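This report concerns only the one structure given below.
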Amino acid sequence: MAEADLPFTFVYWADLRYPQPLAGDRNREPYRPDHGLGPFPSPAGEPDRAEPTLTDRIYRGLSHLQEAAGLTPVDDLILEYRLDDLWGYHEDAAFRAAARARLRDVLAAAAADTVLIAAHSMGGLIAYDVLRAAEAEGTPMPRCALVTLGAPLGLAELKLKLADAHGDLRVPAALTAWTNLMDRQDIATVGDDLAALYAPNAAGVRVRDVPVINAYRRPDGAENRHKSYGYLRTPEFSRVVAAFLEAAD
């Protein structure tokens, strides 16, 4: 498919929370092309990197205790100090409503189309909220394939909030596919895989969890396994997009 023939809409929320964008040397994590260093890594060639880490296993036990108690002190620390935008999303109702409205309006305008939603981090939470709310309200949505990248939808606190808002945790009705890409070293994706948490929808669509290796590095060489650029460069993401476009032809 020629680039000019590919409809694309970028649904952005960061300016709702940060009116002034980072510029120049204030941006510690700029986008920089990776010039010909060979294929990006994949757990397909390193199966040990696809397995749950010790952190995953520890968090799974803590998650079950937090949910049983209805208290989430571990998640409070993760959200406030490592994923503070998620903290803001749940603490600021006006911000939350505005972020949802941007995606809802774009999807409503494409209701007659077939759409691939690529949602990084909190984008996955916003997409889930919008699709489940539209389902409850009877708002027409396009047929959607969803790919989440570094989505925090396995965190105990978010599961409790989502269940309170939408009822049972399950794949939204509008989805024809849901691929969840996660780096096992990404703190946002700790815990149980999403397929174990989100039941299939009425059409039988299930979450497909796919471990990836997020190879993004800051200019100083430090890793950031949660960075959007690294997720978007993974060969697994390229395959999801290619399969969607092939099916759309």
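The values are calculated or read from the model by the stated rules, or taken from the named source; none is laboratory data. Computed from a predicted model, the values in this text were never measured in an experiment. So basically every Cβ, Gly included, is an ideal-geometry build from the backbone, and we count neighbours across all protein chains shown. Side chains are part of the model used for accessible areas, which takes the heavy atoms of the whole protein and leaves out ligands, DNA and RNA. Shrake-Rupley method; radii C 1.70, N 1.55, O 1.52, S 1.80 Å.
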- Item | Among (1) closer than 22 Å to Arg96 by Cα; (2) modelled with pLDDT under 95 - the single one Arg225 does not satisfy | (1)
- Query: What number of residues within segment 199-225 are in a loop (DSSP other than H, G, I, E, B), among the basic types (Lys, Arg) and open to solvent by 70 Å² or more (accessible area, probe 1.4 Å)?
  - Reply: 1
- Long-range neighbours under 7 Å by Cβ, at least six apart or interchain, first residue β-branched (Val, Ile, Thr) within segment 94-107, second buried (at least 16 other Cβ atoms within 10 Å of the Cβ): Val106/Val11
- Message: Tally up the residues in segment 155-170 that are open to solvent by 40 Å² or more (accessible area, probe 1.4 Å) and outside any helix (DSSP H, G or I), please.
- Response: 2
- Residues of segment 171-191 classified as open to solvent by 30 Å² or more (accessible area, probe 1.4 Å), more than 17 Å from Arg49 (Cβ to Cβ) and out of contact with any strand residue (DSSP E or B) (no Cβ under 9 Å at 6 or more places or on another chain), total: 1
- Note on the structure: Filtering segment 226-249 down to residues that are within 16 Å of the chain's Cα centre (by Cα), open to solvent by 30 Å² or more (accessible area, probe 1.4 Å) and without any contact (Cβ under 8 Å) to a residue 60 or more places away in the chain yields Ser238
